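The structure appears right after this line, and notes come after that.
The values are calculated or read from the model by the stated rules, or taken from the named source; none is laboratory data. For clarity, every value in this text was computed on a predicted model and none was experimentally measured. Here the Cβ positions follow ideal geometry from the backbone for every residue, glycine too, while neighbour counts run over all protein chains shown. Just the protein is used for accessible areas: all its heavy atoms, side chains included, with ligands, DNA and RNA removed. Shrake-Rupley method; radii C 1.70, N 1.55, O 1.52, S 1.80 Å.
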Amino acid sequence: MIFSKFIALVCPNGKDPAEKYAESLEQIQMADDMGFYGIWLSENHFSCKTGLPQFQGEIGITPKPLMFGMKIIENTRQIRVGTAVRNIVFSNPLLVAEEALVFDLLSKGRLDLGVGCGYRPWEFEGFKINQAEARARFLESLEILDRGLRGESFSFQGQYYDIPEVALVPKPYYTLPRPKLFLATGDMEQVKLAAQRDYGVMSFSTSSKEHLVALYETYRDIAQPLGHDVSRDRFPVTRQIYIHQNPAVVQEYAERNLPHYQAALGDFKTCPPLEELKKLYIIGTPQECVAQLQALRDEMGCSHVILWFNFGWLTHQEVSEQMRLFADEVMPHFAPEKKAVPC
C-alpha cells in the first residue's frame, strides 16, 4: 500500500501566506524523507468565500499549483507532485498542456496531472463562466489537453474552442506518450471515459465502499481488454485523517471539527457520530488507523491512499506530529514484504 499527502493551503485570517507556504514545504520535505509516494496540490480561486460556518480567511491560496510544484521539486529527492485538481474549465487547455509538459521535463517525469471541472459557485462567478456548462466545457478541454500533451500536430473544432493545427513544445520527454493524467470523479460515465483513454481516476473522500468497488470494477472491465494498466495504484482514494495516541484527544478533535466534516459531507445540518465518521475517514489511535486502512485495502481493494492531514485547519505543529506518528506506527504495517535474495 502506498500513501500520498494532500495539501490545501488553508490560510485563516491573521496567517501570513508566505509562512503558510513555508510550513507546507517543510511538511512536504518531511513526507519525502518518510517515504510518502506523492504530494497532491489543490487549485483554488477567490477562496475567501468558503461556505464554511464560522471560518474567516482563505480556504486555499494555490491558484497555480504547479508553480508551487516546481519549488517542491527543487527541495525534495523523489516524491511525486500531483494536482488535485488542475481546473481545465477555467484555463485554456493548450496553456495547461504547455505548463504540464514543461513541468514533466524539469521534474524528470515526477508529474501526476489530476484534472477536474470545479464545483464552487463563486469560482465560476469570478471567471464569468456558466456553471451549467461545466461538464460540456470539461469534456471538450480534456480532449484538447490529451492531444496537446502528446506533442503531435492536431486541430480541434468544438462548441467552446476552435483551434487551428498546432503542435506544442516541449514535446513529452520523460513520460510517454504523455504525462500521466488522472480524472477526479465519482461519476460512472467519466470513469468509463478514463478507462477507454488510459487515465487514472481519483476518488472522493466520502465515497462509500459499494460505490468505490463499482467504479473500479467498471474501470477494469473496460480498460483491461484494451491493454491499459489497471493496477490499483492508478485509482487512489482520498481520505481525511486525524491520528493521535490519546482517544480522548481524537474525540475532542472530531467534536471541534464537526462543521468541517459537515461541509465535506455536503450537509451543514447533521453529522454522523464519531463511529460513523471512522467509516468515511481515517480517525483514531494508530491501532484504529491501521485497522481502518486494512479495511480499505481488504474490502475495497485500495492500494493508494491520499491522506489529508490538515483537515480541520490544524496548526503546522499538529500536522507535523500526526505525520510522524503515522510514519512511525502505521506505515510499517503496509510496507512491502522483503523477499529473501538467493546467494
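The table below gives the values:
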{"item": "Cα coordinate range in the range 1-125, projected on the principal axes (Å, largest first)", "result": "39, 33, 29"}
{"item": "D198 - accessible surface, heavy atoms, 1.4 Å probe, Å² rounded to 10", "result": "50"}
{"item": "Distance violations [Cα-Cα > 24 Å] among K108/K171; K64/K180; K5/K278; K15/K64; K64/K209", "result": "K64/K209"}
{"item": "Kirkwood Rh in Å, taken over all unlike Cα pairs in the range 83-211", "result": "15.3"}
{"item": "Karplus-derived HN-Hα couplings along the range 107-113 (A = 6.51, B = -1.76, C = 1.60, θ = phi - 60°), whole Hz, x at Gly and Pro", "result": "8, 6, x, 9, 9, 10, 8"}
{"item": "Accessible carbon and sulfur surface of the range 114-218 relative to its total accessible area, %, 1.4 Å", "result": "50"}
{"item": "Ellipticity estimate at 222 nm from DSSP helix runs (n ≥ 4, -39,500 (n - 2.57)) divided over the chain, nearest 500", "result": "-13000 deg cm²/dmol"}
{"item": "Solvent accessible area, Å² - H244, 1.4 Å probe, full protein context", "result": "60"}
{"item": "Karplus-derived HN-Hα couplings along the range 138-155 (A = 6.51, B = -1.76, C = 1.60, θ = phi - 60°), whole Hz, x at Gly and Pro", "result": "4, 5, 5, 5, 5, 4, 5, 4, 4, 5, x, 5, 7, x, 9, 5, 7, 10"}
{"item": "Order by protection proxy (mean Cβ within 10 Å, highest first), peptides 78-88, 209-219", "result": "78-88, 209-219"}
{"item": "List R147, R324, R120, ordered by accessible area with a 1.4 Å probe, largest first", "result": "R324, R147, R120"}
{"item": "Principal semi-axes in Å for the range 145-210 [√(5λ), Cα gyration tensor, largest first]", "result": "28, 16, 9"}
{"item": "Rounded, prolate or oblate (a/c below 1.5 giving rounded, otherwise prolate when a/b exceeds b/c) for the range 245-335 by Cα gyration tensor", "result": "oblate"}
{"item": "E99 accessible area, assembled protein chains, probe 1.4 Å, Å²", "result": "50"}
{"item": "Under 5 Å, built H, 5+ apart or other chain: amide partners of F6", "result": "W40, L307, W308, F309"}
{"item": "Three-way shape label, the range 225-265, alpha-carbon gyration tensor, a/c 1.5", "result": "oblate"}
{"item": "Amide H contacts under 5 Å for I283, placed H, 5+ residues apart", "result": "Y242"}
{"item": "Equivalent ellipsoid dimensions for the range 160-246 as semi-axes, Å, which come from the Cα gyration tensor, largest first", "result": "29, 18, 14"}
{"item": "Using alpha-carbon coordinates, inclination of helix 188-197 to the longest axis of the chain, degrees", "result": "60"}
{"item": "Radius of gyration, Dmax [the chain; alpha carbons; angstrom]", "result": "20.0, 67"}
{"item": "Amide H contacts of G114 (H built 1.01 Å from N, under 5 Å, at least 5 apart or other chain)", "result": "T83, R86, F182"}
{"item": "Probe 1.4 Å, all protein chains present, accessible-area order of C117, C11, largest first", "result": "C117, C11"}
{"item": "Computed over the range 51-154, Cα set: Rg, Dmax in Å", "result": "15.2, 51"}
